[in-house]
1. From the list Leu67, Leu50, Leu101, which residue is within 21 Å of the chain's Cα centre (by Cα), at pLDDT 95 or above, assigned to a strand (DSSP E or B) and not basic (Lys, Arg)?
2. For the stretch 164-183, which positions are within 21 Å of Phe225 (Cα to Cα), open to solvent by less than 30 Å² (accessible area, probe 1.4 Å) and in a helix (DSSP H, G or I)?
3. Which one is surrounded by the most Cβ atoms within 10 Å (Cβ to Cβ) among residues in the stretch 123-148 that are under 16 Å from Arg94 (Cβ atoms) and in contact (Cβ under 8 Å) with a residue 40 or more places away in the chain?
4. Would you call Gly176 at pLDDT 95 or above, more than 17 Å from Ala29 (Cα to Cα) and either hydroxyl-bearing (Ser, Thr, Tyr) or in contact with a Pro (Cβ under 7 Å, 6 or more places away or on another chain) (or both)?
5. Condition first: open to solvent by less than 60 Å² (accessible area, probe 1.4 Å), polar (S, T, N, Q), closer than 23 Å to Pro145 by Cα and in contact (Cβ under 8 Å) with a residue 12 or more places away in the chain. Can you find one or more residues in the stretch 202-214 that meet it?
6. Taking the stretch 104-119 as the search range and keeping residues that are among the hydrophobic types (A, V, I, L, M, F, W, C), within 21 Å of the chain's Cα centre (by Cα) and not in a strand (DSSP E or B), which one is nearest to Ala284 (Cα to Cα)?
7. Answer yes if at least one residue in the stretch 82-92 is open to solvent by less than 20 Å² (accessible area, probe 1.4 Å), of a type in the set (Val, Ile, Thr) and more than 21 Å from Pro3 (Cβ to Cβ), and no otherwise.
Amino acid sequence: MPPIVVVGPHDTGLQAAFCDYVPQVFGRADFRRWCAWGEWNDDYRAYAMLEDGRVVANASVMRMRLLLEGQEVRGWQLGAVGCIPSHRGRGLARGVMQAALEACGAEPVILFANPKVRQFYPRFGFQPWKQTLFAAGHEAVPHGPPAPTLDPEDAAVRAGLAALSRDGLPVTERFGARGYSTIATWQPASGFGRPLRRLGDDAWVFAGVEGDTLYLDDVFAHGPFDLRAWIPRLIDRPIRSIHFGFTPERWWPEATEAGEDLEADLFVRDLSPSREPHRFPVMAHT
C-alpha cells in the first residue's frame, strides 16, 4: 500500500498534490484559492496516500469547537475522504480513514457524507444522524440601502469573519460550533455558497434570495441584534418565506420544521447530538 503523509499548512508542494486530487474525486470542488488565501491553518490536516508524487487517496481532519446544548466540546470533522477512480477497490480509502481517525483519538468526530458511500462510514463506528430543515413564513419587500456585500478574497474581510466566528455569539447552541471561519470561506473560494452581507460592524450573514424565499445560511455576530429589521435590506424582491441553514432557536424562535434535510448525510462517532430537531450550520460543513 502506498505511504501516507500528513499535509499541513506549510507543506506547499504536498498541498498542490492534494489540490490536484480533489477535483478527480469531487468534481467542481477546488481548494486552490482557499490555499492561496492562507485559510489552510493548523486546524486542518490531510492524511494523503502518495504514489509517484500524486495523492491517490485522502482523508482530512478539521479541528472543531463543537457546541452541544450550550456546552463546548473539542472534536473533529472529516472531509475530502476518497480515492481517485483508477485506484478504487484496493482498500486505499480504508487506509487513510484509519490514519485520520487515529489522529482524532477518543474525541468525537462528525462528517457529512457523499450519498453514494453511506454504507462506508458505519464500518468505522459512525452512525447516521437526522438533520432538520427550518423555515418561517415572512412577507417583506426591499426597503432602505441594500446591505453591502463583502468579498472574502479580501484579507481584512477574512480576518473580520474569523474574529466574529471565534469570539461572537454562536448561531445555535443546540448543535453547532465556534471558530469555523476557515470552513465558511471555503465555499466562496470554490465558487459555491451565497453572498456574505454586512449588517453593521458586528453582524455579518451569508444570505441570498431565490424565487420568493430568502435563504439565510449563517449569522456571525458579536451579540444579539434585531435580525428581522434587516430583512428588507437583504432582499432585492418581495419575499414570502425564510429558510434557515442552521437551527434558528436564537434568531427566529417561531420558525417551524420544514422536513428532513435529505442532502446532509450527517454521520457522528462518539457523539450524541441533541434529540431536539436541529441543523448543524451549513457554513460549518467541510
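1. Testing whether each residue is within 21 Å of the chain's Cα centre (by Cα), at pLDDT 95 or above, assigned to a strand (DSSP E or B) and not basic (Lys, Arg) leaves just Leu67.
2. Leu164, Ser165, Ser181
3. Looking at the filtered set, the residue picked out is Phe126.
4. yes
5. Yes, because at least one residue in the stretch 202-214 is open to solvent by less than 60 Å² (accessible area, probe 1.4 Å), polar (S, T, N, Q), closer than 23 Å to Pro145 by Cα and in contact (Cβ under 8 Å) with a residue 12 or more places away in the chain.
6. Residue satisfying both the conditions and the ranking: Ala113.
7. Checked against the condition, which is being open to solvent by less than 20 Å² (accessible area, probe 1.4 Å), of a type in the set (Val, Ile, Thr) and more than 21 Å from Pro3 (Cβ to Cβ), the stretch 82-92 yields no hits at all.
Quick grid of which residues meet (1) of a type in the set (A, V, I, L, M, F, W, C); (2) in contact with a helix residue (DSSP H, G or I) (Cβ under 7 Å, 6 or more places away or on another chain); (3) more than 26 Å from Gln15 (Cβ to Cβ):
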{"residue": "Gly70", "(1), (2), (3)": "no, no, yes"}
{"residue": "Cys83", "(1), (2), (3)": "yes, yes, no"}
{"residue": "Gly89", "(1), (2), (3)": "no, no, yes"}
{"residue": "Ala100", "(1), (2), (3)": "yes, no, no"}
{"residue": "Arg118", "(1), (2), (3)": "no, no, yes"}
{"residue": "Lys130", "(1), (2), (3)": "no, no, yes"}
{"residue": "Glu139", "(1), (2), (3)": "no, no, yes"}
{"residue": "Pro148", "(1), (2), (3)": "no, no, yes"}
{"residue": "Asp151", "(1), (2), (3)": "no, yes, no"}
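The values are calculated or read from the model by the stated rules, or taken from the named source; none is laboratory data. Note that the coordinates shown come from a computational prediction; the quantities given were computed from them, not determined experimentally. Glycine gets a Cβ as well: all are built from the backbone with ideal geometry, and neighbour counts include every protein chain shown. Keep in mind that these areas ignore ligands, DNA and RNA; they rest on the heavy atoms of the full protein, side chains included. Shrake-Rupley method; radii C 1.70, N 1.55, O 1.52, S 1.80 Å.
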